[in-house]
Amino acid sequence: MEIIKVETISKSFGENEVLKNISFTVNQGEVVAIIGPSGSGKSTLLRCITHLELVEAGSITLTGKSMVKDGVYLHAEQLREICLKVGLVFQNFNLFPHFSVMRNITEAQIHVLKRKKAEAEDRAAKLLEKMGLQDKANAYPCELSGGQQQRVSIARALALDPEVLFFDEPTSALDPELTGDILKVIRALASEKMTMVIVTHEIPFAREVADRVLFMDCGAFVEEGPAANVIDNPQMERTKAFLSRLS
Ligand code: ADP
Ligand code: MG
């Protein structure tokens, strides 16, 4: 089943056409990595699919429900329902600094999903344990390392039971020795068949964890295919040039 279907979407900021007729699909349980140079439109693409930015043209269907069709958006209530199926983990964690770890993970469960506090806390405690952070429930974000904060933000996203998780460079704000923890968590989620779209600069990680790699440049996909093919044996000149700059 297609969890994400993006058809010929376009997005500009003023004169700057950032997404040019982009199309792609992601199937249930698939892990897709998006790689590409800085400024190529990767974050904007994730922000459009998660409804943090609006597209000007094209269609997006999430979990079988149309969010925008030919540039026309659904009504707010239906949109809200669709957006609940989608989790986004940011580069800079975006935790609420004045809330404890526990409250960061329970807040949306209680106010958006209308779960009872005890149920939300129970779910949060299980996720914290899964993230190896069971002793941090009462800590504040500033008391945690970057890697721990990122694991809290992953727990927060998972607490809402998303059908697909998006990661925008989840390790790029972390010291190299902390990125391993995040990669381990993502690897574990992949083995549980969580559908994930991961924008990353960690090429070896993309090769290992992703079923498919999309290479983006100047607002369009230049090349895509099984991770090993695209990364070890790129066909397009622009993909070759990008990968050789990184190695
Ligand atoms: P990437 O994530 O691949 O580095 P981005 O999606 O962040 O690329 O940016 C793509 C282009 O869109 C860049 O030229 C950037 O300057 C521009 N851009 C991104 N967000 C905004 C915004 N909110 N307002 C204006 N321009 C933006
Ligand atoms: Mg970006």
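Rule-based calculations on the coordinates, nothing more; no lab input. Since this is a predicted model, take the numbers as computed values, not measurements. Every residue, glycine among them, receives a Cβ derived from its backbone with ideal geometry; neighbour counts consider all protein chains shown.
What to note about this one:
- Efficiency of FRET between I110 and E2 - r from beta-carbon atoms, R0 35 angstrom, step 0.05: 0.65
- Taking 0.36 nm per residue of separation and subtracting the Cα-Cα distance, full extension of the segment from A228 to K65 would add 55.5 nm.
- Degrees between helix 146-158 axis and first principal axis of the chain (Cα, 0 to 90, nearest 10): 90
- Whichever aspartates and glutamates have a C-alpha closer than 19 Å to that of K11, once near sequence neighbours (fewer than 8 apart) are set aside: E53, E56, D70, D168, D217
- Helix 101-111 vs. the chain, principal-axis angle (Cα, 0 to 90°, nearest 10): 80
- Put simply, the amide H of D217, placed in the peptide plane, has neighbours under 5 Å in V222, leaving out anything fewer than 5 places away on its chain.
- Hz values of 3J(HN,Hα) by residue in region 180-195 - Karplus curve (6.51, -1.76, 1.60), Gly and Pro given as x: x, 4, 5, 4, 4, 4, 5, 4, 5, 5, 4, 6, 8, 6, 6, 6
- Kirkwood-Stokes translational diffusion coefficient of region 37-108, alpha-carbon pairs, 4 °C, 1.567 mPa s, µm²/s: 92
- Gain on full stretching of the segment that runs from N138 to H98 - 0.36 nm per residue minus C-alpha separation: 13.2 nm
- Between G219, G180, G87, the GNM of the chain built on Cα springs shorter than 10 angstrom shows G180 fluctuating the most.
- Among the trypsin sites (Lys or Arg not before Pro) within region 188-247, those in coil by DSSP and having at most 15 neighbouring Cβ atoms inside 10 Å are K193.
- Within the straight-line cut-off of under 16 Å between alpha carbons, the lysines reachable from K114 are K85, sequence neighbours fewer than 8 places apart in one chain being disregarded.
- Per residue, the Cα convex hull of the chain amounts to 129 Å³.
- Across region 78-176, Cα pairs under 8 Å and at least six residues apart give a relative contact order of 49 percent.
- For chymotrypsin sites (Phe, Trp or Tyr not before Pro), the sites in region 33-100 that DSSP calls loop and that have at most 14 other Cβ atoms within 10 Å are F99.
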